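J.: Got a structure for you, questions after.
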Amino acid sequence: MIQENVDLSTFNTLAISAKAQYFAEVKNQSQIQQALNFANDKSLPVLLLGGGSNLILTQDFKGLVIHIALQGLEWNELDSDWVEVTAQAGENWHQFVEQCMHRGGHGLENLALIPGTVGAAPIQNIGAYGVEIKDYLISLTALDRETGQVRAFSCSDCQFGYRDSLFKSQFPDRYIVLSVTFRLRRRAELQLGYGALEQALSEVESPTPKDLFNAVVAVRQSKLPDPLKLANAGSFFKNPVVTQDHFQHLKLKYQDMVAYPDPNGMKLAAGWLIDRSGWKGHRQGDVGVHDRQALVLVNYGRATGEEVLALAQRIQADIKKRFQVALEIEPRCY
Ligand code: FAD
Ligand code: NAP
């Protein structure tokens, strides 16, 4: 089960060519336990890997990479309004969303085409077009690496925030998500609040969940690079939230600045800040800023994780200088 010296370039969407000292693909709980025992015996650090679409490998990983590949779906019709579905952690997220939509469980359509696995989705409370998984997640199960016990977490236990959860900020690496349960609507209530979706569906009289799903896929395909064609890790930075005073000060100078009200002030579009600073389309060796979406850093070929981070740091310093705003990197760096 354990392989040695495995190249990870096909296991991360930025296609960084780092090596795992040890690598195990796990399909059930007993294989997870065997892999953890192997790591414990050798006192090795562990890296949990799903689809590799939200991490940056800055060097070879001297430890055990555990590739989560648990499969399976359980469908439970609750009543005429709700259906509950439990997916194992290794299920592909986009295929899961599509299957729910086809079987009449609605709510996740806005999250179509997000790469990665079901098990990683709660880690940063994935979100797009006004929906986050916390809106439909009821509970999850996770193996606690400290106690060796499987624990159930309710939605509130997960402490979800903006691209954040207990698993990302407070206890990284402690819990291995095994399965996630969602409660979905039988009668769809479509979320069409984001401009791009509204525009894409403006000609459709009464949009169905399938229309919404197709619109999300089409809008994303038109704006975002497909990692299989141009390696990337999605949005590289979180959208920063600033105080009203700070925002008003910036707005005097930048009248077209894109920003949205947030409970803690104003959320600035990080992509706009980077674009406005002239970085869109910038290329340095094999690392670049995408030419249609400035929030996405891309690997044109043989870029290393360190080179990607070096460009990210230059962008962070520039944005700080121009707007007095600190950009936080969204993917996890290893
Ligand atoms: P990985 O990258 O494999 O892992 C991410 C983190 O989760 C790592 O720290 C890993 O150790 C941990 N992890 C993985 N699996 C488990 C597990 N079972 N238990 C515990 N920890 C685990 N994100 C959004 O929020 N919204 C978007 O719209 C969006 N769009 C994207 C578009 C593109 C083109 C790309 C490349 C990325 C995008 N992302 C987006 C980021 C990313 O797809 C999501 O964060 C996704 O949930 C990551 O899943 P993954 O399986 O690839 O996780
Ligand atoms: P966009 O529609 O061009 O909008 C730019 C930014 O403005 C987004 O980041 C979004 O914030 C915010 N925004 C737009 N309309 C809004 C509204 N009505 N209310 C509140 N905020 C609004 O963004 P995009 O880059 O094409 O991405 C579309 C969606 O997919 C976004 O939700 C984005 O987060 C998500 N996405 C995420 C990743 C990732 O890796 N995390 C990658 C690609 C796309 P929010 O980001 O807070 O929604």
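No value in this document is a laboratory result; all are computed from the given coordinates. The structure presented is a predicted model; accordingly, all values stated were derived computationally and were not measured. When we count neighbours, we look across all protein chains shown, and the Cβ atoms used for this are built from the backbone with ideal geometry, even at glycine.
J.: Kirkwood Rh over Cα pairs of the chain into Stokes-Einstein at 10 °C, 1.306 mPa s: D in µm²/s?
T.: The Stokes-Einstein estimate is 75 µm²/s.
J.: I'd like the Karplus ³J(HN,Hα) series for the stretch 118-124: coefficients 6.51, -1.76, 1.60, θ = phi - 60°, whole numbers in Hz, and an x wherever there's a Gly or Pro.
T.: Running phi through 6.51 cos²θ - 1.76 cosθ + 1.60 with θ = phi - 60° gives 4, x, 8, 4, x, 4, 10 Hz.
J.: Also, I was wondering about something else. Would you please give the residues with an amide H less than 5 Å from that of T117, counting only those at least 5 places away or on a separate chain, with H modeled from the backbone geometry?
T.: Long-range HN contacts for T117: G51, W93.
J.: Under 20 Å from a label point 7 Å along Cα→Cβ of A326: give me every residue in the stretch 154-182 with its amide N that close.
T.: Zone members listed by number: 161-166, 168-172.
J.: Also: Which Rg and Dmax, in Å, describe the Cα atoms of the stretch 231-333?
T.: 13.8, 43
J.: Which three lengths, in whole Å and largest first, does the stretch 73-223 cover when its Cα atoms are put on their principal axes?
T.: 55, 35, 23
J.: Compute the normalised compactness of the stretch 159-280: alpha-carbon radius of gyration over 2.2 N^0.38 Å, N being the residue count. If you can, show how the numbers build up before the last one.
T.: Working: Rg = 18.2 Å, N = 122, 2.2 N^0.38 = 13.7 Å.
Normalised Rg, Cα atoms only: 1.33.
J.: Given H placed 1.01 Å from N in the peptide plane, which residues other than close sequence neighbours of V298 have an amide H under 5 Å from its amide H?
T.: G288, V289, H290
J.: Where does the charge balance sit around R322 when Lys and Arg score +1, Asp and Glu -1, over other residues with C-beta under 11 Å from its C-beta? Walk me through the intermediate numbers first.
T.: Details: positive: K253, R276, K320, K321; negative: D318.
Residues near R322 contribute +3 overall.
J.: Using the Karplus curve 6.51 cos²θ - 1.76 cosθ + 1.60 with θ = phi - 60°, what ³J(HN,Hα) values do you get for each residue of the stretch 96-104, in whole Hz, with x for Gly and Pro?
T.: Rounded to whole hertz, the list is 5, 4, 5, 5, 4, 4, 5, 8, x.
J.: List the residues, sorted by chain then number, that are 5 or more residues from H106 or on another chain and whose placed amide H is less than 5 Å from its amide H.
T.: R185, R186
J.: Towards the positive end of the charge dipole of the chain, with charges on Cβ (+1 Lys, Arg; -1 Asp, Glu), say which of F96, A303, G195 has the farthest Cα.
T.: After comparing all options, I get A303.
J.: Determine the distance separating the Cα centre of the stretch 256-334 from the Cα centre of the stretch 79-129; give it in Å without decimals.
T.: Here the answer is 28 Å between Cα centres.
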